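J.: Have a look at the structure that comes next, please.
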Amino acid sequence: MVELTTPVRWLLRLVAVGYVLLLVAWPVSTVVREAFADGVGPVLDLLADPHVVHALSLTAQVAVQAVLINLVFGVTISILLVRHEFPGKRVLSALIDLPMAVSPVVVGLALLLIYNGRTGWFGPTLESWGFQVIFSGPGMIMATCFVALPLVIREVVPVLTEIGDEQEQAARSLGANTRQTFWRITLPSIKWAVVYGVVLSLARSLGEFGAVKIVSGNVVDRTQTATLLVETQYQGFQQSSAYAVSFVLAFASVLCIVVVSILRPKEKH
Amino acid sequence: MSAATLEAPPGAPPRGRPRSRRPRTTLTTGSSIGLGIAVTWFSLLVLIPLAAIVVTAGERGWAGYWDTVTSPQTLAAVRLTVGQALLVTGVNVVMGTVIAWVLVRDRFWGRAVLDVVIDIPFALPTIVAGLVLLGLYGPSSPLGLDWAYSERAVALALAFVTLPFVVRTVQPVLGELEPDAEEAAASLGANRRTILRRVVLPALVPAIAAGAVLSFARAIAEYGSLVLLSGNRPFQTEVVSVRVLTHVENGSTASAAAVASLMLGVALVVIVGLDLVQRRVSRRG
């Protein structure tokens, strides 16, 4: 292996640490400083505000439902893509990654064009059945599902490919049916990949902003999520409240990252 | 493998089944239903809505589409977005590779923390990202750098949200690089610089390219972190995604779809490009 000279090693170390410090670590620490500028008491008061409580609980509900949908869909698609052959598989496998590259604003617009109640392709029909998508819960869940869609799949597919299907074949030849094979063989071996996928999806879902902004309508106490509340409050000169909610969101997302980084090495042992 | 040979010994007639349906790869009834439901959901959620953007963009004909896309304000937004995205991608190629190198080959106190911090931009809500950057580089900056509402603010926000991509694609490749080639080169008299340039770097190029493509795509698509930081001033700090949103808020969905179709085109090119890069990587491996 190439050994760098000591000055070069120190230079690279300094550049890497300095860049990350100035771009990420220091800015992120300002949210703590700003939120707790006047101590813990005012933060708790601000977080007890009914609008804030509603926004945070709405965010949690939307995120959890979106993650559950993506979990079931992601595991199903991963198994189908890795374990089966069917026409159109390559196209599907490439299209699954598409939500990663599409702007959240485009996601919101796309859902709006299909599901809005006046001019959408399916919206008016769905509303005549009493099912409102845009400016209500289902639209927000769909937007969140869309942006976090590939995360579970990208974690599970490599693991499924690597473990191969010999154990599943053995289980099946010993008489296990599809359900038994899935619960007893496949799921335990992809367990950690599923956990990472879920935690990463959760972080992404809690923080979704652009797509939800378009499909939710941002109605206070009805469809205003925590991220939308931060924008509204910051621009409405309620900055201490914006910082308090931002702190909660930042704490949740950093917690997700730390959980994944603690769990990840365990798998290698 | 074993079960397949048990069911259909080699050379045995296909027993009425179509030849392409080999037992190991056939969809069972259950998995066909699963595939059907999954594809239906995927179509309702992703494919049909994205198709609607293309259809709506074409509603006013080619002339209308061309007028919207080439309006001075949209062109200014496209120029700004592509320019800053290229700039930030260039920065990421250099800094991402350096950070990946330090994370894999260097040992120092705090390295594990650095490794975790790299992922923060990926998980932090984008609106919060804008807010925290405003704290350090805004009007009340402790560094005395007031970059808010300028082009630099756009570059800063994009650099923040795209930081993990090159690092996370290069890091595993660098970690799995066999020391043999480097040792062989050294034993044949190559100096350090030559080894880095001729042995290490070529092995990293596909990973760096994949990371660069991802970070360019993310930069083009970014919206949330720019809301509070860039001020969205037309002709100055307005990016393409903000153009789309402005059209949506004005109720002109056809114009919004026209601009959005440009972004969708970039996304499709990126996905195809990434697919090709990944195939090249897997062929080498």
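J.: Scan segment B:145-155 and give yes if some residue there is modelled with pLDDT of 85 or more, surrounded by 24 or more Cβ atoms within 10 Å (Cβ to Cβ) and within 12 Å of chain A (Cβ to nearest Cβ), otherwise no.
T.: No: zero hits.
J.: Would a scan of segment A:40-51 turn up a residue that is touching a helix residue (DSSP H, G or I) at 6+ places or on another chain (Cβ under 9 Å), more than 7 Å from chain B (Cβ to nearest Cβ) and under 27 Å from A:Val133 (Cβ atoms)?
T.: Yes, segment A:40-51 contains at least one residue that is touching a helix residue (DSSP H, G or I) at 6+ places or on another chain (Cβ under 9 Å), more than 7 Å from chain B (Cβ to nearest Cβ) and under 27 Å from A:Val133 (Cβ atoms).
J.: Let me ask something else about it. State yes or no: is B:Leu35 facing another protein chain (nearest Cβ under 10 Å), surrounded by 15 or more Cβ atoms within 10 Å (Cβ to Cβ) and not basic (Lys, Arg)?
T.: yes
J.: Under 6 Å between Cβ atoms, which residue pairs at least 6 apart in sequence (or on different chains) link something in segment B:104-125 that is more than 7 Å from chain A (Cβ to nearest Cβ) with a partner that is loosely packed, with under 14 Cβ neighbours inside 10 Å and not hydroxyl-bearing (Ser, Thr, Tyr)?
T.: B:Val104/B:Gly175
J.: Among the residues that make up segment B:181-192, is at least one of them more than 10 Å from every other protein chain (Cβ to nearest Cβ) and closer than 25 Å to A:Cys256 by Cβ?
T.: Checking segment B:181-192: not a single residue is more than 10 Å from every other protein chain (Cβ to nearest Cβ) and closer than 25 Å to A:Cys256 by Cβ.
J.: Look through A:Leu22, A:Leu14, A:Leu47, A:Leu56 and report the one residue that is of a type outside the set (Phe, Trp, Tyr) and over 26 Å from the mean Cα position of the chain (by Cα).
T.: Numbers: A:Leu22 fails: over 26 Å from the mean Cα position of the chain (by Cα); A:Leu47 fails: over 26 Å from the mean Cα position of the chain (by Cα); A:Leu56 fails: over 26 Å from the mean Cα position of the chain (by Cα).
Being of a type outside the set (Phe, Trp, Tyr) and over 26 Å from the mean Cα position of the chain (by Cα) holds for just one of A:Leu22, A:Leu14, A:Leu47, A:Leu56, which is A:Leu14.
J.: From the set of residues in segment A:1-35 that are in contact (Cβ under 8 Å) with a residue 40 or more places away in the chain and more than 9 Å from every other protein chain (Cβ to nearest Cβ), which is nearest to A:Gln238 (Cα to Cα)?
T.: Within segment A:1-35, the match that is nearest to A:Gln238 (Cα to Cα) is A:Ala35.
J.: Please tell me if A:Leu95 is of a type in the set (A, V, I, L, M, F, W, C), within 26 Å of B:Tyr223 (Cα to Cα) and free of Cβ contacts under 8 Å to residues at least 12 places away in the same chain.
T.: yes
J.: Looking at segment A:191-230, which of its residues are farther than 17 Å from A:Val64 by Cα, in a helix (DSSP H, G or I) and free of Cβ contacts under 8 Å to residues at least 60 places away in the same chain?
T.: A:Lys191, A:Ala193, A:Val230, listed by residue number.
J.: Given B:Ala260, B:Ala207, B:Ala256, which one is more than 9 Å from every other protein chain (Cβ to nearest Cβ) and either among the basic types (Lys, Arg) or in a helix (DSSP H, G or I) (or both)?
T.: B:Ala207
J.: Listed residues B:Arg168, B:Arg218; which is facing chain A (nearest Cβ under 10 Å), surrounded by 17 or more Cβ atoms within 10 Å (Cβ to Cβ) and in contact (Cβ under 8 Å) with a residue 40 or more places away in the chain?
T.: So the residue among B:Arg168, B:Arg218 that is facing chain A (nearest Cβ under 10 Å), surrounded by 17 or more Cβ atoms within 10 Å (Cβ to Cβ) and in contact (Cβ under 8 Å) with a residue 40 or more places away in the chain is B:Arg218.
J.: Related question: If we scan segment A:70-79, do we find a residue that is away from chain B (no Cβ under 11 Å), touching a residue at least 24 places away in the same chain (Cβ under 8 Å) and touching a Gly at 6+ places or on another chain (Cβ under 8 Å)?
T.: The answer is yes; a qualifying residue exists.
J.: Sticking with this one: With the condition kept exactly as written, say whether any residue in segment B:252-275 is of a type in the set (Asp, Glu) and crowded, with 16+ Cβ neighbours inside 10 Å.
T.: No, there is no match, as no residue in segment B:252-275 is of a type in the set (Asp, Glu) and crowded, with 16+ Cβ neighbours inside 10 Å.
J.: Taking segment B:14-32 as the search range and keeping residues that are part of a helix (DSSP H, G or I) and more than 8 Å from chain A (Cβ to nearest Cβ), which one is modelled with the highest pLDDT? Walk me through how you get there before you give the answer.
T.: Here is the first cut: in segment B:14-32, the residues part of a helix (DSSP H, G or I) are B:29-32.
Next, only the ones that are more than 8 Å from chain A (Cβ to nearest Cβ) stay: B:29, B:32.
Details: B:Thr29: 79, B:Ser32: 85.
Taking the candidates together, the pick is B:Ser32.
J.: Within segment A:231-254, how many residues turn out to be without any contact (Cβ under 8 Å) to a residue 12 or more places away in the chain and small (Gly, Ala, Ser)?
T.: The number of residues fulfilling the criteria is 1.
J.: Hey, can you tell me all the residues within segment A:103-159 that are in a helix (DSSP H, G or I), without any contact (Cβ under 8 Å) to a residue 24 or more places away in the chain and either more than 28 Å from B:Ala217 (Cα to Cα) or among the charged types (D, E, K, R) (or both)?
T.: Across segment A:103-159, the qualifying residues are A:Gly123, A:Pro124, A:Thr125, A:Leu126, A:Glu127, A:Ser128.
Each row is one residue, and each column tells you yes or no for (1) over 24 Å from A:His84 (Cβ atoms); (2) facing another protein chain (nearest Cβ under 10 Å); (3) touching a Cys at 6+ places or on another chain (Cβ under 6 Å).
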{"site": "A:Ser136", "(1), (2), (3)": "yes, no, no"}
{"site": "A:Arg154", "(1), (2), (3)": "no, no, no"}
{"site": "A:Gly175", "(1), (2), (3)": "no, no, no"}
{"site": "A:Thr186", "(1), (2), (3)": "no, no, no"}
{"site": "A:Trp192", "(1), (2), (3)": "no, no, no"}
{"site": "A:Ala203", "(1), (2), (3)": "yes, yes, yes"}
{"site": "A:Ala211", "(1), (2), (3)": "yes, yes, no"}
{"site": "A:Leu229", "(1), (2), (3)": "yes, yes, no"}
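J.: Look through segment A:84-130, keep the residues that are at the interface with another protein chain (Cβ under 8 Å from one of its Cβ atoms) and charged (D, E, K, R), and return whichever of them is surrounded by the most Cβ atoms within 10 Å (Cβ to Cβ).
T.: Among residues in segment A:84-130 that are at the interface with another protein chain (Cβ under 8 Å from one of its Cβ atoms) and charged (D, E, K, R), the one surrounded by the most Cβ atoms within 10 Å (Cβ to Cβ) is A:Asp97.
The values are calculated or read from the model by the stated rules, or taken from the named source; none is laboratory data. Treat the numbers as computed from the prediction; the structure is a model and nothing was measured. Note that we place each Cβ from the backbone using ideal geometry, even for glycine, and neighbour counts take in every protein chain shown.
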